[in-house]
1. Consider LEU90 carefully, then state whether it is surrounded by 14 or more Cβ atoms within 10 Å (Cβ to Cβ) and either out of contact with any Gly (no Cβ under 6 Å at 6 or more places or on another chain) or over 24 Å from ALA12 (Cα atoms) (or both).
2. When you scan the stretch 5-66 for helices (runs of 4 or more DSSP H) that lie fully inside it, which ones turn up with 1 or more residues that are loosely packed, with under 12 Cβ neighbours inside 10 Å and touching a residue at least 24 places away in the same chain (Cβ under 8 Å)?
3. I'd like the full set of residues that are more than 12 Å from the chain's Cα centre (by Cα), modelled with pLDDT of 95 or more and not β-branched (Val, Ile, Thr), limited to the stretch 55-70.
4. Among the residues of the stretch 33-51, write down those that are under 16 Å from MET97 (Cα atoms) and touching a Leu at 6+ places or on another chain (Cβ under 8 Å).
5. Just the residues that are touching a helix residue (DSSP H, G or I) at 6+ places or on another chain (Cβ under 8 Å), outside any helix (DSSP H, G or I) and touching a residue at least 40 places away in the same chain (Cβ under 8 Å), please, taken from the stretch 67-102.
6. Please work out if ASN99 is within 25 Å of ASP4 (Cβ to Cβ) and modelled with pLDDT of 95 or more.
Amino acid sequence: MESDPLVADLLAIHPKPLTRIREVFALYLTMWLGGPNTYEQQFGHPRLRARHLPFIVTPVLKEQWMYCMRKAMFTHVSDKALANKLLASLNQLAEHMINKEE
């Protein structure tokens, strides 16, 4: 995300440095995928929509986020069918975060 000009708007709304948000997102994804619920133990119930309400999330930003997720998924997940299933679920999740139309 930091070096891809296609997601500059998405990068702009994230706090810098990105280290902390990466750590929290990794904890969330671990829980979301059925692993330990360390995220919930540290931060409480995800309530993702409520946590994202302070930020304007548009369909364009959602697509930029999904672009990043696709890049990461196809780089790190060798099973393409699994990657596509995960991306479909992430897309639904991202769609729910939209709180402002263009």
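The values are calculated or read from the model by the stated rules, or taken from the named source; none is laboratory data. Only a predicted model underlies this, so the values are computations on that prediction, with no experimental measurement involved. All Cβ positions, glycine included, derive from the backbone under ideal geometry; neighbour counts span all protein chains shown.
1. So LEU90 fits the description; yes.
2. 8-12
3. Within the stretch 55-70, PRO59 is the sole residue that qualifies.
4. LEU48
5. ILE98, ASN99, GLU101, GLU102
6. Yes.
Condition check ((1) farther than 22 Å from LYS100 by Cα; (2) of a type in the set (D, E, K, R)) across all residues:
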| site | (1), (2) |
| --- | --- |
| GLU2 | yes, yes |
| PRO15 | no, no |
| ILE21 | yes, no |
| ALA26 | yes, no |
| MET66 | no, no |
| MET73 | yes, no |
| ASP79 | yes, yes |
| LEU82 | yes, no |
